[in-house]
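Beneath this line is the structure, given in structure tokens, with notes to follow.
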Amino acid sequence: MKKSVLVILALIVSVVSFGQLTGNKYIPGSGGANDYANLALAIADLNQKGVGSGGVTFNIAAGYTETFTNPQAGLITATGTLQNQIVFQKTGSGTNPLIIAGTGTSTSTDGIIKLAGGDYITFDGIDLAENVNNTNPTSQMEWGYALVKARTTFPVDGCQNVTIKNCTVILNAYNSNSTGIYSGNHTASSVSAISSGITGPSDLMNNCRFFGNTISNVCNGVRLSGFNDPNQILFDQNNEVGIFEAGNTITNIGSGANATYGIYGNFQTNMKIAWNTVSGANTTSNLEAITTRIANSVEIHHNTVSVGSVSGPSGIYGIDTYSSGRTGFDIEIHENLIQNCFHLGSGQFTAITGGNGAPSNLNIYNNVITGNTVSTGNFSAIESSPAVNSNIYNNQIYNNTKTGAGTMYLIRAMYYSITIHDNQLYSNNIVTAGVVTSASNIHGINGSQNAQDFGSIYNNEIYDLNIQGSTTATTNNIYGINFSVLPTADLSIFNNTVRNLSISAENGSGNVYGLRFGDGNICNAYKNRIFDLSSANAAGVVYGISTQGAVKANVFNNFVSDLKAPASSVASAVNGLHVAGGTQVSFLYNTVFLNSSSAQSTFGTSGIYRTGASALLDLRNNVIMNASVPGVSGLSVAFRSSSVFNTTYYA
């Protein structure tokens, strides 16, 4: 009896093994044993029989077109293994095979190709398209390619080692859920998030790669969402959107007032987004070209972004890591090009932001931000996050324009330890038309008081920053460097060059600061070169270096020259070195050369100007040459004090 049972089991195993699909299959075929009339039949057979030894490859003829009869025709429940992989690929020369959607029945789960927990599956050169007869969100597809879980209970079974490459996906962006390549923490029939039964890596979507694809006419180009693990351990891992010189091209994204994302990653660890091109300007809602939301380590590099909006108050973001990063993980953003973006509405534009996450290290380097135009909303080129260490270096930010009043930040750094070096910031302007009543401000490098450890700013070149146009506002400002830290933190600013900053507004007032810093414990500013600063209005004031307050501020070995306020009537309109506050301030071994003039009778200049009290002001070994021509009742002086402070001076 025992022998008979073993024989029966052996026969069953033999039959099952024999029925599994292996080798090469052809679509459409000519009726042979390895042929299928269409892809839907091939998928149905694969789901029924599975894959055998050595795997199976479905070769779909170039130029082939198939229209699915229903949204389940492309649902794949079979799975491969490392040794037995499943491949769908184009064969022959010509255009890619095209699979056209059937008629959808849902507003949330219709997809052309859906993988339910499948592993080691590749789609290579298989195009997908919405059906033109699908004219409403119910009949339209939400997903081109979708990777979802096999079931809602243990084992949940996520997709592993899936590759989608060289495919074109075109949907209908007027469906707000339309997504070219999608993954979600749910099954194929419901978007309800799975909250239990996920216990290990096999329940996640890991090691998937999407590259060389063209995705168009969608609200979301690539959208990957994993399990919202409260411990942030069971996030999806090691997924890549774009690889070396084979990124995805995502175009024509967004529609109407629909929130739009070019590439979106959420609940991810070790995610890489590289070599992609994202463009589109079809939404008045929030538009994010590349964003990782809640994630651990992320690397975003060699992407090109050109997006825009013609109206609306919502923001536009080139790269936004939102809440990505936590202690022990790093965020890397490098070699990206953010160019020719525009926002003609009232919303803000941010080219690159580290978001609100708190990684151990946030590194933003070797990026180029150029040719972007913003109207009345604020403009931010680079913003850091609350990282333990923020490092912003070797970036180029140039030829960007605001056409309305407001604020332009080129580099804005906040929180903890901050290092900013070797950046080039130049030819960035606010140019307004007509007479505006709101203020305009440009910050080359800006830092807030949230820096709790230290700040180091060095070897940056900041030049050709201008505010042009007529304004009645009295608070227009340009700052080459404007930085403050907490009273317990130290700050070093050295070897920077700041030049050709100007406010040419005919009305109102305008202050120009080459370098301005405040607060902090020990603040050192040295070996900086600051020259060619001007403010061309009647209330204009120019400062080379201005200290606003610190426990100890040391300003030494700096060079300041060519400061001008040609229309100003202010008594001290041009100031080489300026003291506005601080416990102890030292100006040592600085060189200041002034040669300014104004037609106004009250015009005056100061080599060193003190307007704020400090416990001790130490002036030694400075070279002050003030060759400025004062107004009839003005003065050009080496040292000026706005009133009597303490009686201890060293000069």
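The values are calculated or read from the model by the stated rules, or taken from the named source; none is laboratory data. Keep in mind that this is a model prediction, so the values were computed, not measured. Note: ideal-geometry Cβ built from the backbone for every residue, glycine included; neighbour counts use all protein chains shown. Surface areas here come from the heavy atoms of the whole protein model, side chains and all, with no ligands, DNA or RNA. Shrake-Rupley method; radii C 1.70, N 1.55, O 1.52, S 1.80 Å.
For the stretch 97-200, trypsin sites (Lys or Arg not before Pro) meeting the loop criterion (DSSP other than H, G, I, E, B) and having at most 15 other Cβ atoms within 10 Å: ARG151. Once backbone amide H atoms are built at 1.01 Å from N, ILE503 has ILE467, SER534, SER535, ALA536 as its partners under 5 Å, excluding neighbours fewer than 5 places away on the same chain.
Label-to-label distance, THR591 versus ARG620, with points set 7 angstrom from Cα along the beta-carbon direction: 2.1 nm.
Close amide H pairs (under 5 Å, H built 1.01 Å from N) link ILE442 with MET408, ASN477, ILE478, TYR479, residues at least 5 positions away or on another chain.
Each of the peptides 67-75, 45-53, 275-283 was scored by the mean count of other Cβ atoms within 10 Å over its residues; in descending order, highest first, they stand as 275-283, 67-75, 45-53.
Computed extension gain for ASN47 through THR437, at 0.36 nm per residue and net of the alpha carbon distance, reaches 133.7 nm.
How much accessible area per residue does the stretch 353-483 have, in Å², with a 1.4 Å probe? Spell out each step's value before the answer.
Numbers: 3800 Å² over 131 residues.
Heavy-atom SASA per residue in the stretch 353-483 reads 29 Å².
Sorting the segments 24-36, 465-477, 208-220, 402-414 by their residues' average number of neighbouring beta-carbon atoms within 10 angstrom, most packed first, yields 208-220, 402-414, 465-477, 24-36.
Which semi-axis lengths, in whole Å and largest first, follow from the square roots of five times the eigenvalues of the Cα gyration tensor of the stretch 113-268? It would help to have the intermediate numbers written out before the result.
Working: eigenvalues 121, 61, 39 Å².
Result for the stretch 113-268: semi-axes of 25, 18, 14 Å.
Along the chain, the exposed loop sites are GluC sites (Glu not before Pro) outside DSSP states H, G, I, E and B with at most 14 other Cβ atoms within 10 Å, and the longest stretch free of them is 246-505. Here Kirkwood radius over Cα pairs in Å was calculated from the structure, and among [x] 33.1; [y] 26.4; [z] 27.5 it sits at label [z].
Think of each Lys and Arg Cβ as +1 and each Asp and Glu Cβ as -1; about the Cα centre, that makes the dipole of the chain roughly 560 debye. Within the straight-line cut-off of under 13 Å between alpha carbons, the aspartates and glutamates reachable from LYS552 are ASP490, ASP519, ASP618, sequence neighbours fewer than 8 places apart in one chain being disregarded. Summarising the amide proton neighbourhood of SER641: residues at separation of 5 or more, or on other chains, whose placed amide H is nearer than 5 Å comprise ARG610.
Counting helices only, and only those DSSP H runs with n ≥ 4, report the 222 nm mean residue ellipticity of the chain as the sum of -39,500 (n - 2.57) divided by its residues, in deg cm²/dmol to the nearest 500.
Values: 2 runs with 29 residues, N = 651.
That calculation yields -1500 deg cm²/dmol at 222 nm.
In what sequence, highest mean first, do 96-103, 593-600, 605-612 appear when ranked by Cβ atoms within 10 angstrom?
Numbers: 96-103: 21.8, 593-600: 19.2, 605-612: 24.5.
Highest-to-lowest ranking by the protection proxy: 605-612, 96-103, 593-600.
Since only PHE483, THR199, THR350 are under comparison, the one whose Cα sits farthest along the positive direction of the charge dipole of the chain, derived from C-beta charges on Lys, Arg, Asp and Glu, is PHE483. If R0 equals 35 Å, the separation of the Cβ atoms of LYS552 and THR472 corresponds to a calculated FRET efficiency of about 0.30.
Relative to the present Cα-Cα distance, how much length would full extension add between THR95 and SER642 at 0.36 nm per residue of separation?
Values: separation 547, 0.36 × 547 = 196.92 nm, distance 7.75 nm.
Extra length available between THR95 and SER642 comes to 189.2 nm.
How much length is gained if the chain between SER360 and ALA33 is pulled fully straight, taking 0.36 nm per residue apart and subtracting their Cα-Cα distance, in nm to one decimal?
On the way: separation 327, 0.36 × 327 = 117.72 nm, distance 5.77 nm.
Result for the pair: 112.0 nm of gain on full extension.
The residues of the stretch 211-253 expose, per residue, 35 Å² of accessible area to a 1.4 Å probe. The HN-Hα couplings worked out from phi for the stretch 166-173 by the Karplus form 6.51 cos²θ - 1.76 cosθ + 1.60 (θ = phi - 60°) are 6, 9, 10, 10, 10, 10, 10, 5 Hz, whole numbers, x standing for Gly and Pro. Whenever you get a sec, compute what percent of the accessible area on the chain sits on carbon and sulfur atoms (1.4 Å probe). For the chain, the apolar C and S fraction of the accessible surface comes to 51 percent. Using the Cα coordinates of the stretch 314-456, the gyration tensor eigenvalues translate into equivalent-ellipsoid semi-axes of 26, 15, 14 Å, sorted from longest to shortest. For the stretch 256-311 versus the stretch 485-527, the inter-centroid distance based on Cα atoms is 33 Å.
Scalar couplings 3J(HN,Hα) for the stretch 44-53, obtained by applying the Karplus form with A = 6.51, B = -1.76, C = 1.60 to θ = phi - 60°, are 4, 5, 4, 4, 6, 9, x, 10, x, 4 Hz; x denotes Gly and Pro.
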